[in-house]
Amino acid sequence: MSTSYLPSFIKIPSAVLEKKFKNVKSLRRRRTTTDDGRQTQHYDNSSLEPMAQVPMMILVPYKSSDQSREVVMKIRKDGGVWHQVKMIKDKPKDVEKDIPLAATEVNNFKKLDLVVVSKLKTQIIPITPEGGTFTSDVDSRTCVTAIPNTVQWPVELHMKVANVDKMAENRRDLDNVTVISPTHELYFEKKLQKDVLLQMPVNPSKKIRELSHMKALQSCRGTIAKEMTLDSVLDYMKESDFISSEFCSEMKNKKESAKFLDYLERCTTKEFEGLIDALRNTNQTYLARLLEDACVQNSSDYDEDISGSDFEGDITVVVMGSEEADTKLYPWKDLKKEKDTVQINLPKGRDLYRVVGLVAPKAMNDVSIRKMAEKIHDLSMQMPVELLIRQNIKDVSKVCVAWALPEQMPKCIKDVEARGFVSGPKRVINIGIGDGDNVRVTTVGNIQMAVEDQDKLSQQFFSISCPIERVFTIKEGNKKGKVSLGRYVGRIQFFVEGRGRTMMTDSVVCYLPVGDDFQRYAPILLDPEVSIVAKYVGVMLSHQPNSPETFFKDLAGKNYRQLDNRAKKESKDGDSKDRWETFIVNWAAQRPRSENKVKGIVDLMKKHYPDLADKVLAFVHLYSGEKDGLLSTKSLEKLAQEVGRKWEDLGKVLQMDKNEVAEIKEFSQNEVQCAMRMLDHWRFSHDTVHRGMSVIEHLKSALKTAKCSSSAIQLVDRLKP
């Protein structure tokens, strides 16, 4: 049933019309319907007086959703914040009963926006100390059994069951992993005192079908490669949306049926069926029959309990918790099986369980299986959302962040660009958002967000129904701080966080021009020694056999937990050296300016890592202006004078990125400035930090390779410790 042809209704009590709106016959209404049936209604009453307290009923038709999803309604009054409203079950008698309608009552608005969306159903089940068995409303084969005293007092179980058949059957990015069960998410309000038994459905025959397809293609490969008319098959599969236009063109250019069959050997069910249809509809029926007969034969060869040695894959049920260490893999042989279900013990001491059954290739290790299970869970439980970050081309202090569904993003981009937000990456960032997930936007580097805008940059999502935009103001963080290419540089960074999910983060670079009061020859870095000690200590401690948490607890004192949580969020992909570097940088930012932070870190290292303390101090002295260190700002300015026009050759030897070299050229006034900015970037690079004290000889060798002047090489000899 298509919602675009269904009427929407608004029922206004007669008392309201008689007392307040004597001359009103109707409200102006606009309706927008998306391709997948989401419908937004707009009721405009801006020309009227404020409404009475008596509510009016609004009814909106919608497409029927499957059993695992529930329909909700969200409204926004007078351009305010979207929020979910309670829907009423009793409909007016004069409305057709066969039409599914979402109904609510609302008052006190001049303009009303509303949307009806479906979301994954959350079943709330009360669990008492007496225990019991509780069955899912979505799939009766799923049930949870709690023995007495599993909980100390009554708690609620929030259970979601998502059918992933349609989601997973046509995805090639699952690395030949087959999902054989719905995904389950169980959240208890309190941690369990005893194990809980979960019974859930599994369907191993799905993997048998996929294997029979693969075996059929392998056994018939010679005949098909020799006799198939490739171009006609590709055209049919492209027109029927079984393959993309790009892939069709690529295969046609190669003119090799064997390459096409290589691709199809790991085909999805949809692609295999597409091949059969293509052969039948291009007068190659005999090849279609050949493949179908081979499929029937191969299916009968596999043992239905798929426990035999011929089965190419390992069935595993993966139970994930809120932490990576909570993940447990249950092999097929260890599971209790009954008909088309299996039983899993959910271990006590946790409150969140995410469960999925899959068949993984035998070569896939446990870590890869866990990551794939997380990906499958996220695909089933989350909504695909795209995020856009742009700066205003006329007023670069204004930044716009927008969230939208993929089908809404093209129009969102046009709207944002029409308002002048065109500067920034053209790409959109793909993120998955689940119910209750929080997206937090912040600034990093020498860019700050205006204080009054900080609250608006945290958005908790329920069901995103229409694009969400936030515009905020940025300014330079420190006018004497690091200036790259004549501009203050920072990043707009976002974090996606939620219960039980792995935090996701990404960022885009933003710039602010320097003001008239900027002194061009101000120090490039406010405190290079602190920056480099953070990098170097991070590298050194990441290589230690034992965790350096005790060192950092002594360093930060009572602020340890706060600084560590922030470091984990801001570090890249959980990298330990990046985590400890970020920890030290954030710790230093909280300390008094007059404090000698480097001395404090080195003194503490003498206590915990006496063999490393002298190495750290020696390396940091290379960056010290007081010690005339080789890599200090003062020394590099002298070296830049000697390098001059050879700066680009030296940059290549030092493995500078081509894009950074091009940007240095564009924003520097002369070759000495180019050399200085290139050397400044290099001295703080990971490669330089990893080399430690050997960086001196490395720089000297690079100067010789780039054929820089002998005076430049002599300067290095003179400045080295």
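Worth a mention:
- For Asp506, distant residues with modelled amide H under 5 Å away: Phe494
- Residue-wise HN-Hα coupling along segment 222-228, computed from phi with Karplus coefficients 6.51, -1.76, 1.60 (Hz; x: Gly, Pro): x, 5, 5, 4, 7, 10, 6
- ³J(HN,Hα) computed for each position of segment 194-203 - Karplus, 6.51 cos²θ - 1.76 cosθ + 1.60, integer Hz, glycine/proline x: 9, 4, 10, 9, 10, 9, 9, x, 9, 9
- Here's how it looks for Thr327: its modeled amide H is under 5 Å from those of Gly321, which are all 5 or more places away or on a different chain.
- Less than 5 angstrom separates the built amide H of Leu630 from none of the residues sequence-distant by 5 or more or on a different chain.
- Computed from phi, the 3J(HN,Hα) profile of segment 689-696 under the Karplus parametrisation 6.51, -1.76, 1.60 (θ = phi - 60°) reads 5, 5, 6, x, 5, 5, 5, 5 Hz, with x in place of Gly and Pro.
- Taking trypsin sites (Lys or Arg not before Pro) across segment 662-721, the ones in a DSSP loop with at most 14 further Cβ atoms lying within 10 angstrom of their Cβ are Lys707.
- Asp603/His686 FRET efficiency (R0 22 Å; Cβ-Cβ; nearest 0.05): 0.25
- With a Förster radius of 30 Å applied to the beta-carbon distance between Gln590 and Lys634, the computed FRET efficiency rounds to 0.60.
- Charge dipole magnitude, Cβ of K and R +1, D and E -1 - segment 599-663, Cα centre, debye nearest 20: 180 debye
- Dipole moment magnitude, nearest 20 debye, segment 620-721 about Cα centre, only Lys, Arg, Asp, Glu C-beta charged: 320 debye
- Distance from segment 378-408 to segment 90-138 (C-alpha centre basis), Å: 29 Å
- Stretching Trp153 away from Thr229 to a fully extended chain increases their span by 20.5 nm, per 0.36 nm per residue minus the current alpha-carbon distance.
- For Cys708, neighbours were defined as the other residues whose beta-carbon sits under 11 Å from its Cβ, and their charges (Lys and Arg +1, Asp and Glu -1) total +3.
- Full-extension gain in nm, Val367 to Lys704, via 0.36 nm per residue minus C-alpha separation: 116.7 nm
- Cross-link pairs Lys337/Lys375; Lys74/Lys194; Lys191/Lys375; Lys77/Lys121; Lys568/Lys597; Lys426/Lys569 - those with Cα-Cα distance over 30 Å: Lys74/Lys194
- With the whole protein complex present, Glu671 retains an accessible surface near 90 Å², based on a 1.4 Å probe.
The values are calculated or read from the model by the stated rules, or taken from the named source; none is laboratory data. Because the structure is a prediction, the values reported are computed rather than measured. Every residue, glycine among them, receives a Cβ derived from its backbone with ideal geometry; neighbour counts consider all protein chains shown. Accessible surface areas use protein heavy atoms only, side chains included; no ligands, DNA or RNA. Shrake-Rupley method; radii C 1.70, N 1.55, O 1.52, S 1.80 Å.
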